[in-house]
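To start, the structure itself, in structure tokens.
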């Protein structure tokens, strides 16, 4: 763990998972970095200029290193008109008719974000949903930026290393939120963390960051023992005082058991793990009709936002990992970092 | 680990997973016990008198303790005639027309098996698919038999302890073969081993046996560190010289990567993890039409047997856990036990 923390100029090998969707505030990110971990700004679903503003806010709060995570664009498959019509009937609140992701600026702002990240001199970037193209990697590496990729299989980890990533997040099946899977897989690409680290460790030379279901020192210890150089922790930080997650979301995290999450494509079109709620249960039979990511995301956004505003967790996406059963209190980031690192 | 091994009179806290289906020979079981682990005879799909015969064969080969695993019967839901007709069209080889599980003696032989196990004085029994009823538990405990239950969630573990089980197998989502889930779950009941052990350990007083994806000393070490008292290992023993698994099955284990397994109900009607093959891929869209366990099992048996006899792995059930990517050789049980325990 020593080498990796030295490389990133952080005290503890604890990365706060970049969780897109608005819960991760500049205060949360800065506090994680301030207490010796690596805070992560999630730029997914954030407009480029808002991302710049958030970066500046974090910088005002801490001089410690933090990272920014960027979704790497994928081609969007064709959307069938009948599938759009299907969801038009089923969603409680609808987006503007036929609104497509590009109109939202959700998916076409990758280069714009990379330019801002260069301008703002963010020293560490992580990527999800794919490996950036060679030109982008080359350009970022020339500026000395530390690059972190996200893998869910050994094959993905090997590809990311080959393409020049400086470290790799290994996302176990336990992880909350979106799966980072980007290569076709013969199986379910849902390997548990013990197997995934054990498979990748002998083959990769770059530092490995274990992610998925880790909430406490015991989890950190076994991840490091298996060969990880650091850990990435999400759900535990969602249930912090600095988190802007809706109160009903935080409450759901405190109440749910570890067995009460499931993976669904219903909210966004891409597989993600969350606490099972009413909408997930009711729509489960329609998983096959789901629109491709991020179209389904755009279409369910108004419903999810309205539900959050009403304090109604039935129609929200309650992303959470399998460690959720061991989170029983809303703490400050300071207390969480203390719990995770005290000796 | 010391207490549990003393309780069972074994040297190493390593239990060979009871894998029903014919791969686990008396020689394999006896060898595991002989080299200090706990061999397990899987009585599932075995006729009661054949089980007695196998028990006697193991006893002839070793005087060390071994256990017998028994499937606990569940009520079989009604089978829809149109679903039977559906699979009649899709299966390559058919069973005798309308053959139901009871005609196979698959599911109605629980009491008969328990009586034989008492007669044969088997000192350790484990149960899968449910908790035996109170009368059975009472009767077995009066004879001093050590009882092991199987849980996939915290809720199941707590119930099994309350009902009097002396130890509990915690089956992580990584595990190959059938899921032991027996309580309804709000979520997917597919917790990874790190989360599952961490959730259960503070609440259960009985010894915990970690199962799922463990193939090597590193896996054993972290399971014990998280609070398990022993481990249960399956796939590694399938790929042994003593295993009667078909050669194509063993070959598939050696070749597959950790990401190439998935959970399916297609072969038996109950969720189980195996290496994805042609039939699983082709029929994946029909998961919803699957007949209830064990009816689907009975109906796919002729196809699976014919495929195995032909050395064709496309239509077999290639049950395997997520540790499969780290199994690269067919060893003797002696060598496997040595690899797992050498200091």
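The values are calculated or read from the model by the stated rules, or taken from the named source; none is laboratory data. Owing to the predicted nature of the structure, the values given are computational and were not obtained by experimental measurement. For neighbour counting, all protein chains shown are included, and Cβ atoms are generated from backbone atoms with ideal geometry for every residue, glycine included.
Of note:
- Apart from one condition, residue A:223 fits all of (1) more than 10 Å from chain B (Cβ to nearest Cβ); (2) over 22 Å from residue B:155 (Cα atoms); the exception is (1).
- Checklist (1) modelled with pLDDT of 95 or more; (2) over 20 Å from the mean Cα position of the chain (by Cα) applied to residue B:273, failing item: (2)
- Residues of segment A:209-220 that are at the interface with chain B (Cβ under 7 Å from one of its Cβ atoms) and part of a helix (DSSP H, G or I): A:218, A:219.
- Within segment B:324-339, the set of residues being more than 14 Å from chain A (Cβ to nearest Cβ) and buried (at least 21 other Cβ atoms within 10 Å of the Cβ) comprises B:333, B:336, B:337.
- Residue list for segment B:213-231, filter: under 14 Å from residue B:326 (Cβ atoms) and in contact with a strand residue (DSSP E or B) (Cβ under 6 Å, 6 or more places away or on another chain): B:214, B:220
- Checking residue A:308 against (1) within 28 Å of residue A:72 (Cα to Cα); (2) within 19 Å of the chain's Cα centre (by Cα); (3) away from every other protein chain (no Cβ under 14 Å); (4) outside any loop (DSSP other than H, G, I, E, B), the condition it does not meet: (2)
- Residue B:321 being within 14 Å of chain A (Cβ to nearest Cβ), within 20 Å of the chain's Cα centre (by Cα) and within 20 Å of residue B:267 (Cα to Cα): yes
- Residues in segment A:42-60 that are without any contact (Cβ under 8 Å) to a residue 40 or more places away in the chain and either part of a loop (DSSP other than H, G, I, E, B) or crowded, with 18+ Cβ neighbours inside 10 Å (or both): A:42, A:46, A:54, A:58.
- Selection of segment B:68-82 for residues being within 28 Å of residue B:19 (Cβ to Cβ) and at pLDDT 90 or above yields B:68, B:69, B:70, B:71, B:72.
- Condition met for residue B:93 (part of a loop (DSSP other than H, G, I, E, B) and within 15 Å of the chain's Cα centre (by Cα)): no
- Residues being in contact with a strand residue (DSSP E or B) (Cβ under 9 Å, 6 or more places away or on another chain) and at pLDDT 95 or above - total across segment A:42-64: 9
- For segment B:235-242, the condition holds for at least one residue, the condition being that it is within 14 Å of chain A (Cβ to nearest Cβ) and under 21 Å from the mean Cα position of the chain (by Cα).
- Residue in segment A:211-224 that is in contact (Cβ under 8 Å) with a residue 24 or more places away in the chain, more than 20 Å from the chain's Cα centre (by Cα), within 23 Å of residue A:160 (Cβ to Cβ) and surrounded by fewer than 24 Cβ atoms within 10 Å (Cβ to Cβ) present: yes
- Meets criteria (over 19 Å from the mean Cα position of the chain (by Cα), surrounded by fewer than 24 Cβ atoms within 10 Å (Cβ to Cβ), within 14 Å of chain A (Cβ to nearest Cβ) and modelled with pLDDT of 95 or more) for residue B:315: no
- Condition met for residue A:231 (under 25 Å from residue A:13 (Cα atoms), part of a strand (DSSP E or B) and either within 14 Å of another protein chain (Cβ to nearest Cβ) or under 16 Å from the mean Cα position of the chain (by Cα) (or both)): yes
- The residues of segment B:266-299 that are without any contact (Cβ under 8 Å) to a residue 24 or more places away in the chain, more than 9 Å from every other protein chain (Cβ to nearest Cβ) and closer than 19 Å to residue B:174 by Cα amount to a single one, B:280.
- Test result for residue A:247, surrounded by fewer than 22 Cβ atoms within 10 Å (Cβ to Cβ), in contact with a helix residue (DSSP H, G or I) (Cβ under 7 Å, 6 or more places away or on another chain) and modelled with pLDDT of 95 or more: no
- Checking each residue in segment B:61-82 for being part of a strand (DSSP E or B) and loosely packed, with under 12 Cβ neighbours inside 10 Å picks out no residue at all.
- Count - residues of segment B:251-265 that are touching a strand residue (DSSP E or B) at 6+ places or on another chain (Cβ under 9 Å) and either more than 13 Å from every other protein chain (Cβ to nearest Cβ) or assigned to a strand (DSSP E or B) (or both): 6
- Just one residue in the set A:31, A:20, A:85 is closer than 28 Å to residue A:224 by Cα and part of a helix (DSSP H, G or I); that residue is A:31.
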